[in-house]
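As structure tokens, the structure follows; a few thoughts come after it.
Quick note: the coordinates plus some simple rules give every number you see, no bench work behind them. Note that this is a predicted model, so its numbers are computed, not measured. Methodologically, a virtual Cβ is constructed for each residue, glycine included, from the backbone with ideal geometry; neighbour enumeration extends over all protein chains shown.
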Amino acid sequence: MFNLYVENGPNKKLRCGYTTGTCAAAASKAAVEALLSGKTHDSCFVITPKGIKVEIEIVKKTVSGDKTLCSVIKDAGDDIDATDGLEIVSTAEKTENGIIITGGMGVGRVTKAGLDQPVGSFAINSIPRRMISESVREVCEKYGYKGGIKITISVPEGEKTAEKTFNPNIGIIGGISIIGTTGIVEPRSLKAIFDTVKLELNVLKTAGNESIVITPGNYGESFLNNMNFSVPFVKCSNFIGDTLDEAVKLGFKNILLCGHFGKFVKLAGGMFNTHSFYGDCRMEILCAHGALCGVPNDFLKNIMDCATVDAALDILKYNNSVFNNVIKSITNKIQANIDKKIPENVKAGVLIYTNKYGIIGTSEKGRELIKSFGG
């Protein structure tokens, strides 16, 4: 077991894991060792790009003439990771010269421009490729081997597992990606989620898109599928502000933020990362704008006791005019906070909905974008 931990609040530690790239490098190093020496080992050491030495168990070791196969099991530690427990396999064979790294069953192929690897290539990213190459060279130098080595990375359950990842969204088809920038998986790796969002944005921009819709998740996706917009959308999880910033950085000119009121109400309070870890100001925001719009104190007290925004909105529905005024006030505040984040040459607006009431709030810029998007 990999024994590296990170702090996660007072008196709590979470165990780190290692990336698919680290797994591929370890399996490849073990396979080349077996190829050149005829001997197999129960474990293998690799140095990650972060400088951490990792010992990984070799679970499968096969020597067959001039071809060897070794595999390891991906250990994501305490992180929630769809690839945790997958077998990562490396097959090594001799060639005339150079180091060739390719993919096999369960490793996805790139089908859209803007990713780490060119279109048509196996989704084995540049840093894992470097880790594999360095590991192979180390073993070749150890045994004085001057010829070439071909490495084939495969993941027996990769294609099935990829359905649980963002890969199909960003144009990686047929399997998982072999990835990792540091070689180490840190638990609750929010960075990994946002890195995927950035990749998807980059793919869409590289394809020539100037306009985009940003939505947090599955509810937004379902809602947008019924809107028949002519522009693509990207799911950003809780990274609404970071995704907006990245879209501006990449050069998108028309950006619509579309989300459920239960999440987007936080934007009115300046919370552009809407994860509950960073706070929960939903009822306070509703009550503040309710007070500005003349909602009686008894109703405000009831709203403060609500567990969900939907329940709070039901209370506000005591008067449709007041309901509309409160939503308009919140929507305008969200738009004002968005305007503070973006340059003048970019148009960004907001659309808010609920499952019960449908579209309840749209800013002026939001309405202009919806019209131009064909909605």
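Using a Debye calculation, one point per C-alpha and no hydration shell, please list log10 I(q)/I(0) for the range 143-295 at q = 0.16 Å⁻¹ in order.
Each listed q corresponds, in turn, to -1.01.
Against the longest principal axis of the chain, how steep is helix 190-206, in degrees 0 to 90 to the nearest 10, with axes from Cα atoms?
The angle comes out at about 80 degrees.
Divide the volume of the convex hull of the Cα atoms of the range 190-372 by its number of residues and quote the answer in cubic angstrom per residue.
109
Step through the residues of the range 339-345 one at a time and calculate ³J(HN,Hα) from phi using the Karplus curve (6.51 cos²θ - 1.76 cosθ + 1.60, θ = phi - 60°), rounding each to whole Hz and writing x for Gly and Pro.
Karplus values, whole Hz, x for Gly and Pro: 4, 5, 8, 10, x, 5, 7.
Students often check this: by mean Cβ neighbours within 10 Å, which of 219-227, 329-337 ranks highest, and how do the rest follow?
Answer by packing, highest mean first, reads 329-337, 219-227.
Check the straight Cα-Cα distances from Lys340 and name the lysines below 20 Å, setting aside those fewer than 8 residues away within the same chain.
In chain and number order, the partners are Lys249, Lys253, Lys263, Lys266, Lys328, Lys365.
Highest first, please rank the peptides 19-26, 35-42 by the mean number of other Cβ atoms sitting within 10 Å of their residues.
Packing order, densest peptide first, comes out as 19-26, 35-42.
Kindly provide the helix-only [θ] at 222 nm of the chain, computed as the sum of -39,500 (n - 2.57) over DSSP H runs of four or more divided by all residues, to the nearest 500 deg cm²/dmol?
One gets -11500 deg cm²/dmol as the mean residue ellipticity at 222 nm.
Enumerate the amide H contacts of Ile52 below 5 Å, restricted to partners 5 or more residues apart or on another chain; note that Pro and chain-start residues carry no placed amide H.
Those qualifying (amide H under 5 Å, at least 5 residues apart or on another chain) number zero.
Kindly express, to the nearest 10 degrees and within the range 0 to 90, the angle between helix 282-292's C-alpha long axis and the longest C-alpha principal axis of the chain.
20
When a/c is below 1.5 the answer is rounded, else prolate if a/b is larger than b/c, else oblate, so apply that to the range 19-185 with a ≥ b ≥ c taken from the square roots of the Cα gyration tensor eigenvalues.
Prolate.
Given an 8 Å cut-off on Cα distances and at least 6 residues of separation, report the relative contact order of the chain as a percent.
14
Report P(r) for the range 230-320: all Cα-Cα distances, bin width 10 Å, range 0 to the bin holding the largest distance, values in whole percent.
Going from the shortest bin to the longest, the percentages are 15, 41, 26, 16, 2.
Normalised by the number of residues in the range 33-137, what is the relative contact order in percent for Cα pairs under 8 Å and 6+ residues apart?
16
For a quick check: sort Asp81, Asp280, Asp242 by the number of other beta carbons within 10 angstrom, fewest at the front.
The most exposed by this proxy come first: Asp280, Asp242, Asp81.
If neighbour count is taken as other Cβ atoms inside 10 Å, put Glu364, Glu87 in order from fewest to most.
Glu364, Glu87
Normalise the Cα radius of gyration of the chain by 2.2 N^0.38 Å (N = residues in it) and let me know the number.
My calculation over the Cα atoms of the chain gives 1.21.
Of all GluC sites (Glu not before Pro) in the range 111-163, which ones are in loop regions per DSSP and have a Cβ with at most 14 other Cβ atoms within 10 Å?
Hits after loop and neighbour filter: Glu163.
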